[in-house]
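The values are calculated or read from the model by the stated rules, or taken from the named source; none is laboratory data. What you see is a predicted model; the values in this text were computed from it and never measured. Cβ atoms come from the backbone with ideal geometry, glycine included; neighbour counts cover every protein chain shown. All accessible areas refer to the heavy atoms of the entire protein, side chains included, with ligands and DNA or RNA removed. Shrake-Rupley method; radii C 1.70, N 1.55, O 1.52, S 1.80 Å.
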Amino acid sequence: MSKFYYKTHNLEFDISEFIEHTEECPICKCSDRTVTTRLSSTPFAYYHCNNCSGVSASHYLTEAASKRLFESYYLKHKLHRESQGVTHHNVALLAAHISSYLSFGKSHIYILDFGGGSGLISYEIALILLKKGMAQKVDIHIVDINDEQVVACDNDNITINKYAALGDILQLREHGKYDLVIASAVLEHVYFAHDLIAELFRSICINGYIYIRTPYLIPLYKFLKRFGVEIDLQFPDHVHDFSKAFFEKLPGTMKCESLEIIASRPSLFENSFRKHFMNALISRIIRFPYHFNHRYPFVGSWEVVYKNTGSA
């Protein structure tokens, strides 16, 4: 096994660059887990936690290997991020979609955009809040390790600042509280995500919201694998797969009972017809049965919006 190499993103990783973690769930630390699927021709598997319903990879990259992977990832997508954002082809549509869940009764809104890149999504949301009269001023704090410049802002009622770590900004707000927290297409990259999720939840003010979007591909992966078709789960940069059941349990898992689920549903399609016609068409055809049966699992990704009601 020492001669095994795993290739992804035009990079090659030796088996020694992976750390095995199979004894307990990296989210809730429960040891009641079962293998739900394996990646063909590799020593890697995905485990389902019977406590929190999270699905996590059996291995994760060492810190040095992970740095190499994400440096390559950011370099590859730099131009695309600056113009459109990596995680969604229609940022304006995604921002309008997130905004549709929000309702604020204050003039000054604070947004925490974790893993937000240039802050394009949160900036578009800020513009919508101002236009709809839900805010008179919006402060955006972006947390992202890449060196991408923040989106150009020509609105005097919006301020944008970027930081490298979550700990750098929580002291900037009273008790570190925000009216809106965004974690779009980011949690699947953080293997031991429990502390991050807890910190993000603690940063939501009373009557504030958090929007989370993650992949939900394992059911489709397992189904297609029966027919000899193996789709890309984007391992090892995607080390989790989170379902409706996971997100419904998450407030209890994190002991944050004050969080109320405002929405839990398949997320907006990432691919647009203008950018990737065939991918957009196939993803919509595959998900179509969900409209008739909400237990249908082949949806590709999931989103959830929680509101902090302040009740214990």
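With the cut-off at under 13 Å, measuring from each backbone N in region 181-224 to a point 7 Å along the Cα-to-Cβ line of Ile282 picks out 221, 224.
Please compute the Kirkwood hydrodynamic radius of region 248-291 from all pairs of different C-alpha atoms, in Å with one decimal. For region 248-291, inverting the mean 1/r across all distinct Cα pairs yields 12.9 Å. When the alpha-carbon atoms of region 1-64 are used, the pair Rg, Dmax equals 12.6, 36 angstrom.
Kirkwood Rh and Cα-based Rg: tell me the resulting Rg over Rh for region 153-259, rounded to two decimals.
Working: Rg = 17.1 Å, Rh = 16.2 Å.
My calculation puts Rg/Rh at 1.06.
Between Cys30 and Ser272, what length in nm is gained on full extension when 0.36 nm per residue of separation is reduced by their alpha carbon distance?
Values: separation 242, 0.36 × 242 = 87.12 nm, distance 3.87 nm.
Roughly 83.3 nm would be gained on extension.
Comparing the chain with the 2.2 N^0.38 Å rule of thumb, its C-alpha radius of gyration ratio is 0.99 (two decimals). Both the radius of gyration and Dmax for region 188-312 are 16.1, 49 Å, in that order, over alpha-carbon atoms.
Just order 205-217, 10-22 by mean Cβ neighbour count inside 10 Å, highest at the front, would you?
Details: 205-217: 21.6, 10-22: 14.1.
Ranked from most to least packed, the peptides come out as 205-217, 10-22.
Placing a pseudo-label 7 Å from each Cα along the Cα-to-Cβ vector at Arg295 and Leu11 gives an inter-label distance of 4.1 nm. Separation of region 36-54 from region 123-174 is 37 Å, based on Cα centroids.
Label separation (Asp168 vs Arg38): 4.3 nm, computed from points 7 Å beyond Cα along the C-beta direction. Only the Cβ atoms of Lys and Arg (+1) and of Asp and Glu (-1) were treated as charged; on that basis the dipole of region 204-308 about its Cα centre amounts to roughly 300 debye.
At most 14 other Cβ atoms within 10 Å and a DSSP loop assignment: could you name the chymotrypsin sites (Phe, Trp or Tyr not before Pro) in region 217-312 that fit?
Numbers: sites: Tyr221, Phe223, Phe227, Phe242, Phe246, Phe247, Phe269, Phe273, Phe277, Tyr290, Phe292, Phe298, Trp302, Tyr306; in loops: Phe227, Phe242, Phe269, Phe273, Phe292, Phe298.
Filter output for region 217-312: Phe227, Phe273, Phe292.
Note on Glu260 and Glu20: their simple-model spin labels are 4.7 nm apart, each label 7 Å out from Cα toward Cβ.
For the set Met278, Met254, the ranking by accessible area, highest first and with no ligand, DNA or RNA atoms included, is Met278, Met254 under a 1.4 Å probe.
Here the gap between Asp195 and Ala92, fully extended at 0.36 nm per residue and compared with their Cα-Cα distance, gives a gain of 34.0 nm.
How much length, in nm to one decimal, is gained on full extension between Arg202 and Phe227, taken as 0.36 nm per residue of separation minus their Cα-Cα distance?
Numbers: separation 25, 0.36 × 25 = 9.00 nm, distance 4.41 nm.
Full-extension gain reported as 4.6 nm.
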